[in-house]
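Below is one structure, written out as structure tokens; comments come after it.
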2 protein chains.
Amino acid sequence: MEQIKVFAPATVANLSCGFDVLGCCLDSVGDEMLIKKNDLNKIRITKVSGQELPMEADQNVAGVAVKALLGEIDSKQGFDIEISKNIKPGSGIGSSAASSAGAVFAVNKILGEPFSSNQLISFAMQGELLASGNAHADNVAPALLGGFSLVRSYCPLEVLSLPVPPELKVVVLHPMIEIKTKDSRSIIKQNVSLKSAINQWGNLGALVSALYTEDYELLGRSLQDEIVEPVRSILIPYFQELKKLTAENGALGFGISGSGPSVYALCKGDQTALKVKNAMKEFYSDKSIDFDLHLSGINKKGVKVL
Amino acid sequence: MEQIKVFAPATVANLSCGFDVLGCCLDSVGDEMLIKKNDLNKIRITKVSGQELPMEADQNVAGVAVKALLGEIDSKQGFDIEISKNIKPGSGIGSSAASSAGAVFAVNKILGEPFSSNQLISFAMQGELLASGNAHADNVAPALLGGFSLVRSYCPLEVLSLPVPPELKVVVLHPMIEIKTKDSRSIIKQNVSLKSAINQWGNLGALVSALYTEDYELLGRSLQDEIVEPVRSILIPYFQELKKLTAENGALGFGISGSGPSVYALCKGDQTALKVKNAMKEFYSDKSIDFDLHLSGINKKGVKVL
């Protein structure tokens, strides 16, 4: 195989109670990437469209992730990477993760799949390290595995795939203000009260249970975050108003997507999701902030060949 | 119904990564309680055998729990409570929880079951408040519901029952030194690092997943606690040696039962559990500390009528 074109999906990380360990994969938002072998023994970013990204392979998350993969098998094979970017960098729905995950998935395919999806996660995490200063897995794991991913352990890396309740839909609102993941991480307190931590792990345990039992109401009740949301939500315009609005329109739960500024609402069924989306659209339309709105099912496959 | 005799089971709370939110119910260790109506409009502790317990109803966890129940329906009905105590107070396997849970279960039965098991948990928690200064639910919930209980939320109280992998066995070693739950709580730091908290909720999420998928190895890997165990284990003689020993003999995981000093090992199958039990027995036999050892299945029913 000389080249491959892939769809690299957006992801919603954290999901309120699952800070740094949980994420899910979207199916209607994502980038396209074309990866070709070259004979130059070099990784090159040959084309970026849709958004501006670094063209220097060492400064581009896709380049860094591919180099991590090739380094593992001491391969000198060169690749040209073209990225058609639909996910806006800094939006909070895994823009860097999509590029990292898509690139390592594609290169792995071209090389005859020497690595498992789980191994690809650790290479893609090198892209996250470049993007945010932190090699987190809660976007790259669901981008590669699809569905819901839970990071049980970072050292050694162990990621579980959790079941996807069939009627689950995600509405994502991206207010177009810039919050860098690095900055958004720096405002989080490095110590938390034991009481809040107990509430958080009680909710995360319940969320996992709700995914297995397809208990949508329980899933909604468990989407709580008293550790990160109170700090980060201050940076997101109209966060509390949107939370109230989405609940009134039947959303199961609402919170910050990744490090923001995007926010997500989980909904049961297309009809409710559409209602929630329309309510958010109407609310935000008279605010002086540009925004994107997405309604998506959960992508159970992750990165895929186009 | 004028009287009822019940079996009130021991429980293992926390289970390492589930501090204050998780517990499971044992089937071969527990108290017997006989509860009879009286015509005195009074709750009386009329007999305690096996262990010494307060005979004053307001100082006895069973008395306090029953009063909480009766208070809810403004009942003046009196009850006599006899407790045949097999679970040693202060052992860390839910001695107070068994008395509280057994008492409210029995009184509820006699009164024609005005309350659900979930409601009984909140009454039994009043007994825990008396015993430890903290109305925790991670012993009383599994004592009443059986199996594994997860406390999603304390306010409002919401408890989930989780599935029980069929081959799961518990070995409990009780070194007979006294650690009061109150004291054991007071040494825990009220602030924890975010990094440790993240690891803890990653493990708890994985533990819940493992119960649904009957993945015994994953269950074992998730039994980690870097928040409470490092502090409390110092009070438990030979904790690290026992941890190593149980792992070498095939236990899935090992940790502190409740607030200690009992320790638990989860095992797959009777044969491994017996091997682990025998290894613990041999190890502790030449130490100068008396001890009890229990091997139990998971009790899926909780308190039951005898």
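Based on this model, can you work out whether A:S122 counts as of a type in the set (S, T, N, Q), touching a strand residue (DSSP E or B) at 6+ places or on another chain (Cβ under 9 Å), assigned by TED's automatic domain parsing to the domain that holds A:C25 and crowded, with 23+ Cβ neighbours inside 10 Å?
On the way: of a type in the set (S, T, N, Q): yes; touching a strand residue (DSSP E or B) at 6+ places or on another chain (Cβ under 9 Å): yes; assigned by TED's automatic domain parsing to the domain that holds A:C25: yes; crowded, with 23+ Cβ neighbours inside 10 Å: no.
When the stated conditions are applied, A:S122 does not pass them.
Between a residue in region A:23-37 that is in a strand (DSSP E or B) and any residue that is buried (at least 24 other Cβ atoms within 10 Å of the Cβ) and charged (D, E, K, R), which pairs come within a Cβ distance under 8 Å, given they are 6 or more apart or on different chains?
Here the result reads A:G23/A:D138, each pair linking region A:23-37 to a residue that is buried (at least 24 other Cβ atoms within 10 Å of the Cβ) and charged (D, E, K, R).
Output yes when any residue across region B:206-227 is surrounded by 22 or more Cβ atoms within 10 Å (Cβ to Cβ), polar (S, T, N, Q) and more than 18 Å from the chain's Cα centre (by Cα), and no when none is.
The answer is yes, given that some residue of region B:206-227 is surrounded by 22 or more Cβ atoms within 10 Å (Cβ to Cβ), polar (S, T, N, Q) and more than 18 Å from the chain's Cα centre (by Cα).
Hey, can you tell me all the residues within region B:133-173 that are assigned to a loop (DSSP other than H, G, I, E, B), closer than 23 Å to A:S196 by Cα and of a type outside the set (D, E)? Outline the logic, then answer.
Let us first name the residues in region B:133-173 that are assigned to a loop (DSSP other than H, G, I, E, B), namely B:133-139, B:146-147, B:155-156, B:163-167.
This time we only want the ones that are closer than 23 Å to A:S196 by Cα, so: B:133-139, B:155-156.
Answer for region B:133-173, where residues must be assigned to a loop (DSSP other than H, G, I, E, B), closer than 23 Å to A:S196 by Cα and of a type outside the set (D, E): B:G133, B:N134, B:A135, B:H136, B:A137, B:N139, B:C155, B:P156.
Could you say which residue among B:I188, B:I177, B:I121 is farther than 28 Å from A:L204 by Cβ and either hydrophobic (A, V, I, L, M, F, W, C) or not in a loop (DSSP other than H, G, I, E, B) (or both)?
On the way: B:I188 fails: farther than 28 Å from A:L204 by Cβ; B:I121 fails: farther than 28 Å from A:L204 by Cβ.
Exactly one of B:I188, B:I177, B:I121 is farther than 28 Å from A:L204 by Cβ and either hydrophobic (A, V, I, L, M, F, W, C) or not in a loop (DSSP other than H, G, I, E, B) (or both), namely B:I177.
Limited to region A:20-39, what total is found for residues that are more than 14 Å from chain B (Cβ to nearest Cβ) and β-branched (V, I, T)? Steps first, please.
Residues of region A:20-39 more than 14 Å from chain B (Cβ to nearest Cβ): A:25-39.
Still in the running and β-branched (V, I, T): A:29, A:35.
Residues flagged as more than 14 Å from chain B (Cβ to nearest Cβ) and β-branched (V, I, T) within region A:20-39 amount to 2.
So which residues in region B:61-87 are surrounded by 24 or more Cβ atoms within 10 Å (Cβ to Cβ) and either assigned to a loop (DSSP other than H, G, I, E, B) or out of contact with any helix residue (DSSP H, G or I) (no Cβ under 9 Å at 6 or more places or on another chain) (or both)?
Once the filter is applied, which keeps residues that are surrounded by 24 or more Cβ atoms within 10 Å (Cβ to Cβ) and either assigned to a loop (DSSP other than H, G, I, E, B) or out of contact with any helix residue (DSSP H, G or I) (no Cβ under 9 Å at 6 or more places or on another chain) (or both), region B:61-87 yields only B:I87.
With A:G260, A:G255, A:G205 as the choices, which residue is among the small types (G, A, S) and either over 25 Å from A:P9 (Cα atoms) or assigned to a helix (DSSP H, G or I) (or both)? Spell out how you get there, then give the answer.
Values: A:G260 fails: either over 25 Å from A:P9 (Cα atoms) or assigned to a helix (DSSP H, G or I) (or both); A:G255 fails: either over 25 Å from A:P9 (Cα atoms) or assigned to a helix (DSSP H, G or I) (or both).
None of the other options fit; the residue is A:G205.
Take the residues of region B:112-142 that are charged (D, E, K, R) and away from chain A (no Cβ under 13 Å): which is nearest to B:K304 (Cα to Cα)? Can you show your working first?
Step one: filter region B:112-142 for residues charged (D, E, K, R), giving B:113, B:128, B:138.
Okay, now just the ones that are also away from chain A (no Cβ under 13 Å), so B:113, B:128.
On the way: B:E113: 14, B:E128: 20 Å.
The selected residue is B:E113.
Considering A:A10, A:A101, A:A65, A:A106, which residue is in contact with a His (Cβ under 9 Å, 6 or more places away or on another chain) and within 19 Å of A:V303 (Cα to Cα)? Let's see the steps before the verdict.
On the way: A:A101 fails: in contact with a His (Cβ under 9 Å, 6 or more places away or on another chain); A:A65 fails: in contact with a His (Cβ under 9 Å, 6 or more places away or on another chain); A:A106 fails: in contact with a His (Cβ under 9 Å, 6 or more places away or on another chain).
Sole residue among the options that is in contact with a His (Cβ under 9 Å, 6 or more places away or on another chain) and within 19 Å of A:V303 (Cα to Cα): A:A10.
Please state which of the following conditions B:Q200 fails to meet, knowing it meets all the rest: (1) in contact with a Cys (Cβ under 6 Å, 6 or more places away or on another chain); (2) surrounded by fewer than 23 Cβ atoms within 10 Å (Cβ to Cβ); (3) of a type outside the set (D, E, K, R).
(2) is the only condition that B:Q200 fails.
Please work out if B:L145 is surrounded by fewer than 23 Cβ atoms within 10 Å (Cβ to Cβ), in contact (Cβ under 8 Å) with a residue 24 or more places away in the chain and either of a type in the set (A, V, I, L, M) or facing chain A (nearest Cβ under 10 Å) (or both).
When the stated conditions are applied, B:L145 does not pass them.
Checking the conditions here, which among B:K109, B:K42 is at pLDDT 95 or above, more than 14 Å from every other protein chain (Cβ to nearest Cβ) and touching a helix residue (DSSP H, G or I) at 6+ places or on another chain (Cβ under 9 Å)? Can you show your working first?
Details: B:K109 fails: touching a helix residue (DSSP H, G or I) at 6+ places or on another chain (Cβ under 9 Å).
So the residue among B:K109, B:K42 that is at pLDDT 95 or above, more than 14 Å from every other protein chain (Cβ to nearest Cβ) and touching a helix residue (DSSP H, G or I) at 6+ places or on another chain (Cβ under 9 Å) is B:K42.
Scan region A:200-215 residue by residue and report those that are closer than 17 Å to B:A197 by Cα and more than 7 Å from every other protein chain (Cβ to nearest Cβ).
Once the filter is applied, which keeps residues that are closer than 17 Å to B:A197 by Cα and more than 7 Å from every other protein chain (Cβ to nearest Cβ), region A:200-215 yields only A:L207.
Taking the criterion of being assigned by TED's automatic domain parsing to the domain that holds A:L293, farther than 30 Å from B:A206 by Cβ and of a type outside the set (S, T, Y), would at least one residue in region A:196-207 satisfy it? Please lay out each step first, then the result.
Quick first cut of region A:196-207, residues assigned by TED's automatic domain parsing to the domain that holds A:L293 only: A:196-207.
Then keep just the ones that are farther than 30 Å from B:A206 by Cβ; that gives none.
No, that holds for no residue.
Considering only region B:272-289, state which residues are in a helix (DSSP H, G or I) and touching a Pro at 6+ places or on another chain (Cβ under 9 Å). Lay out the reasoning, then the answer.
Our first condition is that a residue be in a helix (DSSP H, G or I); within region B:272-289, this holds for B:272-285.
Across region B:272-289, the qualifying residue is only B:Y284.
Can you find, within region A:216-231, the residue that is modelled with the highest pLDDT among those that are touching a helix residue (DSSP H, G or I) at 6+ places or on another chain (Cβ under 6 Å) and more than 9 Å from chain B (Cβ to nearest Cβ)?
A:L219
Could you tell me which numbered condition A:V303 fails, if it satisfies all but one of (1) surrounded by 14 or more Cβ atoms within 10 Å (Cβ to Cβ); (2) free of Cβ contacts under 8 Å to residues at least 40 places away in the same chain?
(2)
Among the residues of region B:166-193, write down those that are over 22 Å from B:N139 (Cα atoms) and either among the aromatic types (F, W, Y) or buried (at least 17 other Cβ atoms within 10 Å of the Cβ) (or both).
B:V192, the sole residue that qualifies.
Can you find, within region A:148-170, the residue that is nearest to B:A210 (Cα to Cα) among those that are more than 9 Å from chain B (Cβ to nearest Cβ) and β-branched (V, I, T)?
Among those residues, the one meeting the criterion is A:V159.
Which of the residues belonging to region B:1-19 are farther than 21 Å from B:L252 by Cα and either within 14 Å of chain A (Cβ to nearest Cβ) or of a type in the set (S, T, N, Q) (or both)?
Selection gives B:Q3 alone.
If I ask for residues that are assigned to a loop (DSSP other than H, G, I, E, B), farther than 19 Å from B:V171 by Cβ and in contact with a strand residue (DSSP E or B) (Cβ under 7 Å, 6 or more places away or on another chain), which ones from region B:208-252 would you list?
Within region B:208-252, the subset assigned to a loop (DSSP other than H, G, I, E, B) is B:214-215, B:223-228, B:236-238, B:249-252.
Imposing the further condition that a residue be farther than 19 Å from B:V171 by Cβ reduces the set to B:214-215, B:226-228.
Residue satisfying the conditions is B:I227 alone.
The values are calculated or read from the model by the stated rules, or taken from the named source; none is laboratory data. For clarity, every value in this text was computed on a predicted model and none was experimentally measured. Note that each Cβ is placed from the backbone with ideal geometry, even for glycine, and that neighbours are counted across all protein chains shown.
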